[in-house]
Amino acid sequence: MQHSNTQDTLVGLFVAAGIAGLFFLSLKASNLSSITQKDSFMVSARFENSDGLKVKSAVSAAGVKVGQVASIELDPTTYQSVVTMAIDAKYNNLPDDTTASIFTAGLLGEKYVNLEPGGSDTYLANNSAIDITQPAIILEKVIGQFLFKAAEEKK
Amino acid sequence: MEQTAPGDNALISVRQLSFSRGNKKIFNNVSLDIERGKITAIMGPSGTGKTTLLKLIAGQLYPDSGVITVDGLNVHQLRRAELYNLRKRMGMLFQSGALLTDMSVYDNVAFPLREHTHLPESMIRTLVLMKLEAVGLRGARHLMPNELSGGMARRIALARAIALDPMMILYDEPFTGQDPISMGVLVHLIKALNSTLGLTSIIVSHDVHETSLIADTIYVISEGRIVDHGTPEAMRQSSSPWIQQFMTGAADGPVPFHYPAKDYLDDLLPTGKRY
Amino acid sequence: MRRPGPALLSWVEPRFFLLLTLSGLFSVVLRPRLLLNQLYSVGVLSFLIIFISGLFVGMVLGLQGYYILSDFGAEETLGLMVAASLVRELGPVVSALLFAGRAGSALTAEIGLMKATEQLSGMEMMAVDPIKRIIAPRLLAGLLSMPLLAGVFSTIGIIGGLLVGSGMLGVDDGAYWAQMQAKLDFYDDIVNGFIKSVVFGFVASWIALFEGYDAIPTSEGVSRATTRTVVNSAFSILGLDFILTALMFGDS
């Protein structure tokens, strides 16, 4: 058993470097910092269709990310999609007549929820609902309608 | 010569021991006694399982049948902890020395003390230096095992074997491959340690001359059986031609010089032709 | 409990090698000095090869990724591509393969030589259990070192990718980090990669130690065992990687 101080120091440095690497990956290279530190409040919205939207999809307003989708469920009576969003607590001044729409980032990109603030004086709070919504645009349907219309006009 | 009752003064008794490796019978119904405080040599040609006997006594191998008792304990019926306790009272000197290569000589000798006792480092130092002094290598304590000659490595291993003040030491081929001086040193050490520390020693060897110098009793083993036993003097006077050949090292005798083969002349001539 | 007979014991020992070793791990905790020495020879001595390999793998990823992504005008996502491939796959897998080559083969050779030179046998004769004294600290050191090495590998790789992407090819370094942070998930990516590296560290050390302990105690036996360690570790790491990937990233 060699009791060597340099060896112990190197072991210490190695462990420190390894842990630093793991911390770096967690904090700098992933979304850990955005998951944990922020308080948020829940807002729900009903959509006719939420095709392509997933849990953790972004919620943004005017291009700024303000929260993420927390859950997506089907309402058993109205057959609407109920999307619950976690909005960062610091954005507590969104008016209650805000419009929620499901947009696509780019032509083939990810779906996200876009919030368009209205003009009301009362703000969205925890567990409040957004009433004005616009469903996801389904590309196949749009193309289908377009073709159908084109065929009608030809007749 | 089959003894049944253990001798009064026997530290180790082996009764009706049989052991085989694969299909080869290494021991066939062997019985022997090793007396307390004496140096007993187990001799025989290479490959007769002398080292195997040591491993059986130490409980590293299990016999097919038969009983080995050491200091009244049946080695192969012991629980693991009991066996380890017994081993603390046995020292074994391996042929290669078996020093731990990543530690210095000092740490090697201190190893059993550090593993099994909670002595303060100052006392361990005293003990280690005493043991090293006993084998005459106190000055070599800072060397690493790969800096030692074969003879020195064996002496260090001997110092380590006596570190826990055992009641007995098993020597596995202690003289093999040593120059005459190292050999003389080891012969002297084994004898001296045996008398000064009151040890019981078992030497497994085929070096007839050196072993005869120090052994009190010699057992000669061949082909799984004990051929004869007695004092070195008695063995030299033995009427058995086989023992005579073994003790004098004659090239031919009951053990033929030639490996069994067909007739020499037949072998040399091209097959199928007869002149 | 009486000790079992010879036939049973020789059958039992290789199969319960792992179990015996795991039970020995408790005694290691009481002797941190043994663990510290092994962390040095298993971890510190593998650090340099992991560091340098990580740097080059990251730089190559940066270069290749840029060539492919620029065809789609998506150079901005270079950071994501480099980081995701490192954190999910290359970090754990490549560092485990390097670990098996550097530390695993050294462990096998060390244990095999200890067996060949009767050191293990000698230890048993001194009433010291070689599994507790020799094997268990090495297994624990391998288990602890591997995730740290994989973390270093991925970190250095990401920095290597940035050096090439931002320094040589002109990708905006803000975008490099932002895309990475936006799309890499802590639980799905970082934690899963970490779990992979723990599993690989355990398997690679276990194979290395077993092969050494099980080696035929001759020079030839030891050299064969060393080869087997590298081959078996590589197979096991890659096979397990497939299984773990299927389990972890299957649905998301």
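The values are calculated or read from the model by the stated rules, or taken from the named source; none is laboratory data. This structure is a prediction, so every number in the text was calculated from the model and none was measured. So basically every Cβ, Gly included, is an ideal-geometry build from the backbone, and we count neighbours across all protein chains shown. To get the accessible areas, we keep the full protein, side chains included, count just its heavy atoms, and leave off ligands, DNA and RNA. Shrake-Rupley method; radii C 1.70, N 1.55, O 1.52, S 1.80 Å.
Restricting to region C:38-52, and then to whatever is more than 7 Å from chain A (Cβ to nearest Cβ) and either at pLDDT below 90 or open to solvent by less than 30 Å² (accessible area, probe 1.4 Å) (or both), can you tell me which residue is farthest from the chain's Cα centre (by Cα)? It would help to see each step written out before you state the result.
The initial filter retains those residues of region C:38-52 that are more than 7 Å from chain A (Cβ to nearest Cβ), namely C:38, C:41-42, C:45-46, C:48-52.
Now restrict to residues that are either at pLDDT below 90 or open to solvent by less than 30 Å² (accessible area, probe 1.4 Å) (or both): C:38, C:42, C:46, C:50.
Values: C:Q38: 15, C:V42: 10, C:S46: 10, C:I50: 10 Å.
The extreme case among them is C:Q38.
Could you list all residues from region A:72-103 that are open to solvent by 30 Å² or more (accessible area, probe 1.4 Å) and within 12 Å of the chain's Cα centre (by Cα)?
A:I72, A:T84, A:F103
Would you point out which residue out of B:L268, B:L197 is of a type in the set (A, V, I, L, M) and open to solvent by 90 Å² or more (accessible area, probe 1.4 Å)? Lay out the reasoning, then the answer.
On the way: B:L197 fails: open to solvent by 90 Å² or more (accessible area, probe 1.4 Å).
None of the others qualify; the one that does is B:L268.
Which is more than 13 Å from chain A (Cβ to nearest Cβ) and in contact with a Leu (Cβ under 8 Å, 6 or more places away or on another chain), of C:L140, C:L148?
Unique residue meeting the criteria: C:L140.
For A:N49, only one of the following conditions fails: (1) assigned to a loop (DSSP other than H, G, I, E, B); (2) within 12 Å of chain C (Cβ to nearest Cβ). What is its number?
Looking at each condition in turn, A:N49 falls short on (2).
Can you tell me how many residues in region C:159-208 are in contact (Cβ under 8 Å) with a residue 40 or more places away in the chain, of a type outside the set (A, V, I, L, M, F, W, C) and over 30 Å from C:I111 (Cβ atoms)?
10
Can you confirm whether region C:47-67 contains a residue that is within 17 Å of C:A208 (Cβ to Cβ) and not β-branched (V, I, T)? Write out each step before concluding.
Quick first cut of region C:47-67, residues within 17 Å of C:A208 (Cβ to Cβ) only: C:49-50.
Pick out the ones that are also not β-branched (V, I, T) and you get none.
Within region C:47-67, not a single residue is within 17 Å of C:A208 (Cβ to Cβ) and not β-branched (V, I, T).
Output the residues belonging to region B:147-172 that are surrounded by fewer than 24 Cβ atoms within 10 Å (Cβ to Cβ) and among the β-branched types (V, I, T).
B:I162, B:I169
If only one of C:F200, C:F235, C:F194 is in contact with a helix residue (DSSP H, G or I) (Cβ under 7 Å, 6 or more places away or on another chain), closer than 28 Å to C:S23 by Cβ and open to solvent by 60 Å² or more (accessible area, probe 1.4 Å), which one is it?
None of the others qualify; the one that does is C:F194.
Which pairs have Cβ atoms under 7 Å, sit 6 or more apart or on different chains, and link a residue in region B:204-224 that is on the phi > 0 side of the Ramachandran plot to one that is buried (at least 19 other Cβ atoms within 10 Å of the Cβ) and assigned to a strand (DSSP E or B)?
The qualifying pairs are B:G224/B:I26; B:G224/B:F27.
Within the group B:D64, B:D71, which residue is within 9 Å of chain C (Cβ to nearest Cβ) and either under 14 Å from the mean Cα position of the chain (by Cα) or not β-branched (V, I, T) (or both)?
Working: B:D71 fails: within 9 Å of chain C (Cβ to nearest Cβ).
From the options B:D64, B:D71, the qualifying one is B:D64.
I'm checking my understanding of the structure. Among residues of region C:74-86 that are among the small types (G, A, S) and within 11 Å of another protein chain (Cβ to nearest Cβ), which one is farthest from C:W177 (Cα to Cα)?
Just the residues of region C:74-86 that are among the small types (G, A, S), to begin with: C:74, C:79, C:83-85.
If we keep only those that are within 11 Å of another protein chain (Cβ to nearest Cβ) as well, we get C:74, C:79, C:83-84.
Numbers: C:A74: 14, C:G79: 6, C:A83: 9, C:A84: 12 Å.
Top of the filtered list is C:A74.
Does region C:172-187 hold any residues that are over 20 Å from C:M248 (Cβ atoms) and open to solvent by less than 10 Å² (accessible area, probe 1.4 Å), and which are they?
Of the residues in region C:172-187, the ones over 20 Å from C:M248 (Cβ atoms) are C:172-179, C:181-182.
The answer is C:Y176, and nothing else.
Could we say that B:S46 is facing another protein chain (nearest Cβ under 7 Å), of a type in the set (S, T, Y) and touching a residue at least 40 places away in the same chain (Cβ under 8 Å) here? Break it down stepwise before answering.
Values: facing another protein chain (nearest Cβ under 7 Å): no; of a type in the set (S, T, Y): yes; touching a residue at least 40 places away in the same chain (Cβ under 8 Å): yes.
It is false that B:S46 is facing another protein chain (nearest Cβ under 7 Å), of a type in the set (S, T, Y) and touching a residue at least 40 places away in the same chain (Cβ under 8 Å).
For region B:174-186, give me each residue that is touching a Phe, Trp or Tyr at 6+ places or on another chain (Cβ under 9 Å) and either over 21 Å from B:M43 (Cα atoms) or crowded, with 20+ Cβ neighbours inside 10 Å (or both). First the steps, then the outcome.
As a first pass, look at region B:174-186 and keep what is touching a Phe, Trp or Tyr at 6+ places or on another chain (Cβ under 9 Å): B:182-183, B:186.
The answer is B:L186, and nothing else.
For (1) under 15 Å from A:M85 (Cα atoms); (2) of a type in the set (S, T, N, Q), each residue gets a yes or a no:
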{"site": "A:G118", "(1), (2)": "no, no"}
{"site": "A:L124", "(1), (2)": "yes, no"}
{"site": "A:T133", "(1), (2)": "yes, yes"}
{"site": "A:L139", "(1), (2)": "no, no"}
{"site": "A:L147", "(1), (2)": "no, no"}
{"site": "A:A150", "(1), (2)": "no, no"}
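If A:I143 meets every condition in (1) farther than 30 Å from C:F72 by Cα; (2) free of Cβ contacts under 8 Å to residues at least 60 places away in the same chain apart from one, which number is that one?
Here A:I143 clears every test but (1).
Could you list, in sequence order, the residues of region B:91-113 that are touching a strand residue (DSSP E or B) at 6+ places or on another chain (Cβ under 7 Å) and more than 7 Å from chain C (Cβ to nearest Cβ)? Step through it out loud before you land on a result.
If we filter region B:91-113 for residues that are touching a strand residue (DSSP E or B) at 6+ places or on another chain (Cβ under 7 Å), which is where we start, we get B:91-95.
Residues satisfying the conditions are B:G91, B:L93, B:Q95.
Right, B:H118: open to solvent by 60 Å² or more (accessible area, probe 1.4 Å), more than 10 Å from chain C (Cβ to nearest Cβ) and either within 25 Å of C:E124 (Cβ to Cβ) or assigned to a helix (DSSP H, G or I) (or both) or not? Talk me through it step by step, then tell me what you get.
Details: open to solvent by 60 Å² or more (accessible area, probe 1.4 Å): yes; more than 10 Å from chain C (Cβ to nearest Cβ): yes; either within 25 Å of C:E124 (Cβ to Cβ) or assigned to a helix (DSSP H, G or I) (or both): yes.
Yes: the conditions hold for B:H118.
Would you kindly identify the strands (runs of 3 or more DSSP E) lying entirely within region B:20-113 that contain at least 3 residues that are open to solvent by 30 Å² or more (accessible area, probe 1.4 Å)?
Values: elements: B:24-35, B:39-43, B:65-70, B:90-93.
Qualifying strands (runs of 3 or more DSSP E): B:24-35, B:65-70.
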